[in-house]
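J.: Just dropping this structure here.
The values are calculated or read from the model by the stated rules, or taken from the named source; none is laboratory data. Since we're looking at a predicted model, the values are computed, not measured. When we count neighbours, we look across all protein chains shown, and the Cβ atoms used for this are built from the backbone with ideal geometry, even at glycine.
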Amino acid sequence: MAECIDLNLKVNGTEYRASVHPFARLLDVLREDLRLTGTKEGCGEGECGACTVLLNGRVVNSCLVPAVQAQGAEVVTVEGLAEGENLSSLQAAFLTHNGAQCGFCTPGMLLSATDLINRCPNPSDDEIRDGLAGNLCRCTGYAKILDAVHSAAEREAAR
Amino acid sequence: MRGYLPDFDVRVPASLGEALELMAQAPGSYTPLAGGTDLMVVYNAGRLKPTHFLDLSRLAELRGTEEDATSLRFGALTTFTELRECRAVHQHFPNLVKSARATGALAIQNRGTLAGNIANASPAADTPPSLLAYGAELALVSPRGLRRVAYDQFHQGYKRLDMAADELLARIIVPKPLGRGFHYFRKVGTRQAQAISKTCLAAYARIEDGCVAELRIGLGSVAPAPVRARNAEAALLGKPLASLPVAAAREALLADMSPIDDIRATAHYRSVVTRNLLGQMLRELANA
Ligand SMILES: Cc1cc2nc3c(=O)[nH]c(=O)nc-3n(C[C@H](O)[C@H](O)[C@H](O)COP(=O)(O)OP(=O)(O)OC[C@H]3O[C@@H](n4cnc5c(N)ncnc54)[C@H](O)[C@@H]3O)c2cc1C
Ligand code: FES
Ligand code: FES
């Protein structure tokens, strides 16, 4: 039987330490040990993207990441996107363009879109579809999400 | 349902040597863990038997891509994203870029590894057809040393591999094509992202004096493991591009496949569509 490990990781710029089972999922560590419940669980099998976070700067499905592989890592969750009261350009654009309805996909969608705009500041429709292909939304039909990403990218470019 | 945590133990070796030592002490009792994109799904579903995981993800020896005059040598931990981002892969192995791009979606591509794709031994995996088309070789490592296996000899049946219980996949070696080459890759799934292949065909041909001087075709999802289409290859080898025996090659391809009905497609669909992919490939080859 496995012993718990001392997990050290930096989430949204803050150092955390938790005693967890080495094979706990990063998703559960975030939600249950660190009480960062913005990250959602949809499918638990890598298909839906509701659990998307940035791990060392790359989007991952946190439901597929064992805690032991996040040892010493830097994680960004949806809680880390706003600066205090100020929403990120993307978050603001999702609001303006009604990019969220029930909102369950939104935290993951925002992380994938943030990563996309970092990699590709002026994405085409196809590039947005490719960047968000792993994030399923059952409500919006995606058109408004595309609008939001375009408008946030333009806003960022104008800054 | 989830796996029951306390049943699972993880070892994080600091070096490849330590990993091999652990495996040699108790052959068969460790499950290598790379990106976890296959293993975690089974684990999350509660269908993984209790095991000791061996976390390979921190082993520098299994990372990186080395290039020399004749080949590219991918470390086992090379991710799909790294394949997509590597200039030499674009230059020499466009089919591998397409395989990587067709795998899952970005979050899977950031974590899933080439060795994991091979060792998971799914007949539907998307890099194996390209690796078969390029005549890849595998380097396996164990306390007994390093051993090379031609990739087209590695799969020996459904989920049966030429890999001993104390061996790890260390490198994937792909020879650079020489001369005038033709590359074709197409995966057919339900949608473009996040869909497992119903069928997949990758091909590489070398063209000399207007004829097919060299040809390898790799197939996915139409047999218990990824396979070379040796009968179709034989029907085409040496033939002039101006008069490729398309009908004979399509017929020969039937003997290369043993498709089944499953949740993704019927055997009939796979047989028809794979022959159509060959037809499309040959039309492109004729104009190459
Ligand atoms: C949502 C989703 C979509 C997917 N879509 C696709 C797709 O479109 N196409 C496709 O081909 N695959 C797909 N996959 C499957 C998976 O992402 C790939 O097979 C991936 O390459 C597995 O690599 P990994 O490093 O994550 O493997 P892991 O899960 O870590 O390991 C997989 C297997 O390989 C073994 N292994 C890993 N590394 C080594 C090594 N160095 N030596 C020996 N054994 C080793 C492990 O013990 C295990 O048996 C998908 C998965 C998910 C969850
Ligand atoms: S919950 Fe992780 S991808 Fe669906
Ligand atoms: S807003 Fe409901 S799933 Fe996307």
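J.: Six or more apart or on different chains, Cβ atoms under 7 Å: show the pairs whose first residue is in the range A:60-76 and farther than 15 Å from B:Ala34 by Cα and among the charged types (D, E, K, R) and whose second is away from ligand 1 (no atom under 11 Å from the Cβ) and in a loop (DSSP other than H, G, I, E, B).
T.: Once the first residue is farther than 15 Å from B:Ala34 by Cα and among the charged types (D, E, K, R) and sits in the range A:60-76, its partners that are away from ligand 1 (no atom under 11 Å from the Cβ) and in a loop (DSSP other than H, G, I, E, B) give A:Glu74/A:Asn56.
J.: Here is a follow-up. Output the residue which, of all residues in the range B:16-40 that are crowded, with 22+ Cβ neighbours inside 10 Å and either in a helix (DSSP H, G or I) or among the aliphatic types (A, V, I, L, M) (or both), is nearest to ligand 1 (Cβ to nearest atom).
T.: Looking at the filtered set, the residue picked out is B:Ala34.
J.: Quick one: which residue in A:Val68, A:Val59 is away from ligand 2 (no atom under 16 Å from the Cβ) and closer than 30 Å to B:Asp55 by Cα?
T.: Numbers: A:Val59 fails: away from ligand 2 (no atom under 16 Å from the Cβ).
Sole residue among the options that is away from ligand 2 (no atom under 16 Å from the Cβ) and closer than 30 Å to B:Asp55 by Cα: A:Val68.
J.: Here's a follow-up. With A:Arg25, A:Arg35 as the choices, which residue is at pLDDT 95 or above and under 16 Å from B:Phe8 (Cα atoms)?
T.: A:Arg25
J.: Consider A:Gly72 against the criteria (1) away from ligand 1 (no atom under 16 Å from the Cβ); (2) not in a loop (DSSP other than H, G, I, E, B): it satisfies all of them except one. Which criterion is unmet?
T.: All conditions are met except number (2).
J.: Just checking, how many residues over the range B:224-241 are under 22 Å from the mean Cα position of the chain (by Cα) and in a strand (DSSP E or B)?
T.: Adding up the residues that qualify gives 2.
J.: Still on this model: If you take the residues in the range A:36-49 that are within 13 Å of ligand 3 (Cβ to nearest atom) and away from chain B (no Cβ under 11 Å), which one is farthest from the chain's Cα centre (by Cα)?
T.: Only one residue fits best here, namely A:Gly42.
J.: Still on this structure, I have one more. Looking only at the range B:122-144, count every residue that is more than 23 Å from B:Ile260 (Cβ to Cβ), modelled with pLDDT of 95 or more and either assigned to a strand (DSSP E or B) or in contact with an Asp or Glu (Cβ under 8 Å, 6 or more places away or on another chain) (or both) and tell me the total.
T.: Total meeting the criteria: 7.
J.: Another question, then. Got a sec? Which of B:Glu67, B:Glu61, B:Glu137 is in contact with a helix residue (DSSP H, G or I) (Cβ under 8 Å, 6 or more places away or on another chain), under 20 Å from B:Val10 (Cα atoms) and not aliphatic (A, V, I, L, M)?
T.: Working: B:Glu67 fails: under 20 Å from B:Val10 (Cα atoms); B:Glu137 fails: under 20 Å from B:Val10 (Cα atoms).
Residue meeting the stated conditions: B:Glu61.
J.: Ok, one more. Of all residues in the range A:12-35, count the ones that are more than 7 Å from every other protein chain (Cβ to nearest Cβ), touching a helix residue (DSSP H, G or I) at 6+ places or on another chain (Cβ under 6 Å) and not in a helix (DSSP H, G or I).
T.: So in the range A:12-35, the residues more than 7 Å from every other protein chain (Cβ to nearest Cβ) come out as A:12-20, A:25-35.
Filter again for touching a helix residue (DSSP H, G or I) at 6+ places or on another chain (Cβ under 6 Å), leaving A:12, A:18, A:20, A:25-27, A:29.
Filter once more, so that each one left must be not in a helix (DSSP H, G or I): A:12, A:18, A:20, A:25.
Adding up the residues that qualify gives 4.
J.: Which residues, taken from the range B:34-59, are closer than 9 Å to B:Leu77 by Cβ and more than 7 Å from chain A (Cβ to nearest Cβ)? Lay out the reasoning, then the answer.
T.: Going through the range B:34-59, the residues closer than 9 Å to B:Leu77 by Cβ turn out to be B:34-35, B:56-57, B:59.
B:Ala34, B:Gly35, B:Leu56, B:Leu59, listed by residue number.
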